[in-house]
Amino acid sequence: MSGQAVVQVEDLDVYYGTSQILFGVGLSVQQGETMALLGRNGAGKSTTMKAIMGLAPARRGKVTLRGRVVSGLKPHHIARAGLGCDCAHADGQSGAAVA
Ligand SMILES: Nc1ncnc2c1ncn2[C@@H]1O[C@H](COP(=O)(O)OP(=O)(O)O)[C@@H](O)[C@H]1O
Ligand SMILES: [Mg+2]
């Protein structure tokens, strides 16, 4: 891996109420790279995307966009920073894109 990641996720813990869903999730996406999250139903793929977009608040951890910390920002501020979520594919897939 070389250079600054476009999106970097470190040690994310996310809860819905008292249920912990994500346990220390980390990933790094480089410029020009496509990443797929794979896992059985209920594994936490959508929750990971929601946490990156600020729609599911992380209790611990950090999301950075080109080196700028965006975790903790409101979702519309994260979107304005250039991180978008396309969650409406007819085939059920969703994804994040950086502009
Ligand atoms: N809004 C919610 N409230 C409570 N639990 C939820 C909510 N959304 C998802 N979950 C639970 O979180 C876990 C992960 O779900 P999800 O992130 O949707 O998984 P995936 O996208 O990998 O199928 C599942 O156990 C699911 O039931
Ligand atoms: Mg899902």
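Derivation of every value follows stated rules applied to the coordinates shown; laboratory data play no part. As the structure is a prediction and not an experimental result, all values here were calculated from the model. Using ideal geometry, Cβ is built from the backbone for each residue, glycine included, and neighbour counts are taken over all protein chains shown.
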Counting Lys and Arg as +1 and Asp and Glu as -1, each charge on the Cβ, what is the dipole of the chain about the Cα centre in debye, to the nearest 20? 280 debye
Would you mind computing, in nm to one decimal, how far apart the modelled labels at residue 36 and residue 11 are, each placed 7 Å from Cα along Cα→Cβ? 3.1 nm
If you count, for each residue, the other Cβ atoms within 10 Å and average over each peptide, how do 69-78, 6-15 line up from highest to lowest? 6-15, 69-78
For residue 56, distant residues with modelled amide H under 5 Å away: 51
Listed highest first by mean packing, meaning other Cβ atoms within 10 Å per residue, what order do 55-68, 26-39 come in? 55-68, 26-39
Here the gain from full extension of residue 55 to residue 28, 0.36 nm per residue of separation minus their alpha-carbon distance, amounts to 7.8 nm
What does the convex hull of the alpha-carbon atoms of the chain project to on average, in nm²? 6.5 nm²
Which value in deg cm²/dmol, rounded to the nearest 500, describes the helix-derived mean residue ellipticity at 222 nm for the chain, given -39,500 (n - 2.57) per DSSP H run of n ≥ 4 and division by the residue count? -3500 deg cm²/dmol
What is the set of long-range amide H partners of residue 21 at a cut-off below 5 Å, with H atoms built 1.01 Å from backbone N? 14, 15, 16
